[in-house]
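Colleague: Okay, here's the structure, questions in a sec.
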Amino acid sequence: MTSSLMKSVSGIRGIVGESITPALIAAVGSAFAQFCKRGTIVLGRDTRTSGYAIEKGLESALLLSGSSVINIGVVPTPTVQIMVEHLKADGGIVISASHNPIEWNAFKLIGRTGTFLNGRETEQLFKLMDNDFTYAGWDHIGTLKYEMGADDIHIQKILSVIDTDAIRKRRLKTAVDSVNGAGSSITVKFLNELGCGTIPVYCEPTGIFPRGAEPVAENLSDLARTVLSEGADVGFAQDPDADRLAIVDELGRPIGEENTIALVAEHLLSKNAGRVVVNLSTTKAVDDIAQRHGVAIARTKVGEIHVVEEMLRMGARIGGEGSGGIISPEVHLGRDSLAGIGYILEMMTERNKKISELVLELPQYSMKKGSIRLIGKGAKISHLSKLKKDYSSQKISEIDGLRIEFLPGSEFYGGWVHLRPSNTEPIFRIIAEGRDAIQAGKIFSHFEKLLK
Ligand code: MG
């Protein structure tokens, strides 16, 4: 049974025991070793209970295929990316299904520059997986090494680009919810380095997720309650592989994960202007911020590597995804919740403002996200071509599903909607944004009805 297997630029994802099997692990390992020309591969994983068993199988497949492995243990996805670059390795694999529920696991595939494989490279790898495997002989089996200092290298990299002295002097009080995932220990350590008093909420790396895995508002009530009861200045929440960051303000209100990239873009552009790249589903607040600072903004398909490739082309200063992913080239070209935390603390310190005050200074929009189960992908796609015709007088983008931006004269003017099949789950996503919650809700229900 392989119905749950999802292969895309976001990696190879499936349900453990159903589509993630020993045979699949062997196929991924031997294909990736071939792809990396039997070079050295950095291996890391999140805390999922299936992670250890998958790691052992993958290690074995890589070694028997002639690659050497540097295992860096339980670490965030961005830590693996940084270590591939740092160790000058030939590739990396993160065993993590990111925000998917606990029964899922996945292989996130990293090339020699420390960024995810792009579309062309991913296709190449998938082809290799279909071939017969070529294993190494007894005298060409790779070597295995454990390297446990990766979190310090990651932390130091961020500390070197922010004003650590100023942040330390401010002595901010923080609360952190790492969903018992890969961010659990590194985040607390990082905040301690920054002189922040830190109250951990779900920072036991057990891999049992005590709340929904995505750091969206409805999953953050325990963090919000802790921020309030402990009088913290800010609360930080991650997903299980700690590439995504969401924020709770000092009044215990989740500010919405879309505002993570908005805040960081505002902060970095005000210090040093430069181009911005975000995906098609990201809040329009970022366009307004780019305009405020007189810089160009580009939008890409959803998926970290699409944003990263455009950032490289444009020489961008900042990039990201509205789901809480911020990408700062001065740290690394990958979404990194810890870099996000560093910049937010620096922003609070330099502007001497509370998080709620900083949010009020952002362009105000409201977003409604949802999904419908994908039964016939084809049917939904044909729906999209009909919608494209019906809305041809609006501003349309077709590079990833269908995105409609509503122009003056439209009842939804000021808002937009993005309709697309997910890369990571068998669902069709609907993302609607408006000037306020009422308009966002209206746009959302209008298109939800049309798609159903
Ligand atoms: Mg993630």
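The values are calculated or read from the model by the stated rules, or taken from the named source; none is laboratory data. Treat the numbers as computed from the prediction; the structure is a model and nothing was measured. Here Cβ is always computed from backbone atoms with ideal geometry, including for glycine, and neighbour counts include all displayed protein chains. Ligands, DNA and RNA are stripped out before the accessible areas are found, and what is left, the full protein with its side chains, is counted by its heavy atoms. Shrake-Rupley method; radii C 1.70, N 1.55, O 1.52, S 1.80 Å.
Colleague: Take the residues of region 238-257 that are open to solvent by less than 10 Å² (accessible area, probe 1.4 Å) and more than 15 Å from the chain's Cα centre (by Cα): which is farthest from the ligand (Cβ to nearest atom)?
Modeller: Asp249
Colleague: For the subset of region 53-89 comprising residues that are within 13 Å of the ligand (Cβ to nearest atom) and in a loop (DSSP other than H, G, I, E, B), which member is surrounded by the fewest Cβ atoms within 10 Å (Cβ to Cβ)? It would help to see each step written out before you state the result.
Modeller: Of the residues in region 53-89, the ones within 13 Å of the ligand (Cβ to nearest atom) are 75-81.
Next, only the ones that are in a loop (DSSP other than H, G, I, E, B) stay: 75-76.
Numbers: Val75: 27, Pro76: 33.
Among them, the one singled out is Val75.
Colleague: Looking for something within 18 Å of the chain's Cα centre (by Cα), more than 25 Å from Lys353 (Cα to Cα) and of a type in the set (A, V, I, L, M, F, W, C) - is there at least one such residue anywhere in region 258-278?
Modeller: Yes.
Colleague: Under 7 Å between Cβ atoms, which residue pairs at least 6 apart in sequence (or on different chains) link something in region 394-413 that is in a strand (DSSP E or B) with a partner that is open to solvent by 60 Å² or more (accessible area, probe 1.4 Å)?
Modeller: Within 7 Å, the pairs are Lys395/Leu407; Ile396/Lys388; Leu402/Lys388; Glu405/Lys395.
Colleague: Can you give me the number of residues within region 206-237 that are within 16 Å of the ligand (Cβ to nearest atom) and out of contact with any strand residue (DSSP E or B) (no Cβ under 6 Å at 6 or more places or on another chain)?
Modeller: Of the residues in region 206-237, 8 are within 16 Å of the ligand (Cβ to nearest atom) and out of contact with any strand residue (DSSP E or B) (no Cβ under 6 Å at 6 or more places or on another chain).
Colleague: What is the residue count in region 421-447 for residues that are surrounded by 21 or more Cβ atoms within 10 Å (Cβ to Cβ) and part of a strand (DSSP E or B)?
Modeller: Residues meeting the conditions: 6.
Colleague: Count, please, the residues in region 135-175 that happen to be of a type in the set (Asp, Glu) and farther than 30 Å from Glu55 by Cβ.
Modeller: 2
Colleague: Scan region 9-37 for residues that are touching an Asp or Glu at 6+ places or on another chain (Cβ under 9 Å) and of a type in the set (Gly, Ala, Ser) and jot them down.
Modeller: Ser10, Gly17, Ala27, Gly29, Ala31
Colleague: With a cut-off of at least 3 residues that are more than 16 Å from the ligand (Cβ to nearest atom), modelled with pLDDT under 95 and touching a His at 6+ places or on another chain (Cβ under 8 Å), name the strands (runs of 3 or more DSSP E) lying wholly within region 272-335. Give the steps one after another, and end with the answer.
Modeller: Numbers: elements: 276-279, 297-300, 318-321, 325-327.
Output list is empty.
Colleague: Having 1 or more residues that are out of contact with any Asp or Glu (no Cβ under 6 Å at 6 or more places or on another chain) and under 22 Å from Leu24 (Cα atoms) is the bar; report the helices (runs of 4 or more DSSP H) wholly within region 90-186 that clear it.
Modeller: 119-130
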